[in-house]
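The values are calculated or read from the model by the stated rules, or taken from the named source; none is laboratory data. Since this is a predicted model, take the numbers as computed values, not measurements. Please note: Cβ atoms are built from the backbone with ideal geometry, for glycine as well, and neighbour counts cover all protein chains shown. Keep in mind that these areas ignore ligands, DNA and RNA; they rest on the heavy atoms of the full protein, side chains included. Shrake-Rupley method; radii C 1.70, N 1.55, O 1.52, S 1.80 Å.
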Amino acid sequence: MRTPVIAGNWKMNKGPKEAAELINELKPLVKEARATVVVCVPAVSFAAAKTALRGSKIKLGAQNVHFKESGAFTGELSVAMLKEAGVEYVIIGHSERRQYFGETDETVNLRVRAAVAGGLTPIICVGEKKEQREAGYTDALVTYQTMIALSGLSADQIKKVIIAYEPVWAIGTGLTATDEQANETIGVIREAIRQKYGKRVSDKVRIQYGGSMNPKNVKGLMAQSEIDGGLIGGASLKAADFAQVVNFD
Ligand code: PGA
């Protein structure tokens, strides 16, 4: 009942020329996809990507957005700027931003509110570190991260957001959560949303898995009842690999 959403997170890869090449290679491979397909490209490649995406259903995404409308925020981009560039989705609170750029649950929430108010679909990343899982705090942590990220949104707005459950220890490491681990933790996130906002909302929210998702493990993960898609890093940089993930069924 929830349309799966597969998003590529290109991170700091692919300038304009390579972005256009990758998209042109990808387009014919995913044209029959049942899933919503998104590519989150570096900002410098928005224009080239937008042009290359013409005539396809693939959506353009960004990797971050600032919460203010404009002003003295060197290096940041506003919601309006992203929209003018043709962006429809934006990753918010990726663990790399939390780890290297001081992103907190509170700034994630500000960015989510700004994105939603401006009509962008946020892909909100949550997930535990290895030591947090080992200490038994995964459920409490992802619940807390999710609830703070969503605070201030209306039930109708929450239905439209995308959450990406990305265990930090699985990102870029080749380690993946097992199908059951991923399904269980995503179930915890959905249950937390249900308790606060009701079943009508929690049934609608799409929750992805992310962390070394690839052509080999996608089928097993996507067969789980709670998993509505994936946020793909490494495997999104090769058209053939990403297409296999997109066409998982
Ligand atoms: P990965 O990255 O697929 O390379 O592990 C996922 C992500 O960081 O979103």
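Output the peptides 26-38, 87-99 sorted from most to least packed, where packing is the average of other Cβ atoms within 10 Å over each peptide's residues.
Sorting 26-38, 87-99 by mean packing, highest first, produces 87-99, 26-38.
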query = Using alpha-carbon pairs under 8 Å, 6+ residues apart, how would you state the relative contact order of the chain in percent?
reply = 21 percent
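Which order do peptides 150-161, 213-224 fall in by mean Cβ count within 10 Å, highest first? Don't skip to the end; give the middle numbers.
Numbers: 150-161: 16.2, 213-224: 18.8.
Packing proxy ranking, top to bottom: 213-224, 150-161.
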task = With a 10 Å radius around each residue's Cβ, average the other Cβ atoms per peptide and rank 63-74, 163-174, highest first.
result = 163-174, 63-74
query = How high is the relative contact order of segment 178-249, in percent, with contacts defined as C-alpha pairs under 8 Å that are six or more residues apart?
reply = 33 percent
ask   = Can you tell me the Rg and the Dmax, both Å, for the Cα atoms in the chain?
value = 16.7, 49
request  = List the residues whose amide H sits under 5 Å from the amide H of Ala164, counting only those 5 or more places along or on another chain, with H placed 1.01 Å from N in the peptide plane.
outcome  = Ile124, Cys125, Val126, Gln208
query = How much accessible area per residue does the chain have, in Å², with a 1.4 Å probe?
reply = 46 Å²
³J(HN,Hα) computed for each position of segment 155-166 - Karplus, 6.51 cos²θ - 1.76 cosθ + 1.60, integer Hz, glycine/proline x = 4, 5, 5, 5, 4, 9, 7, 10, 10, 10, 7, 10
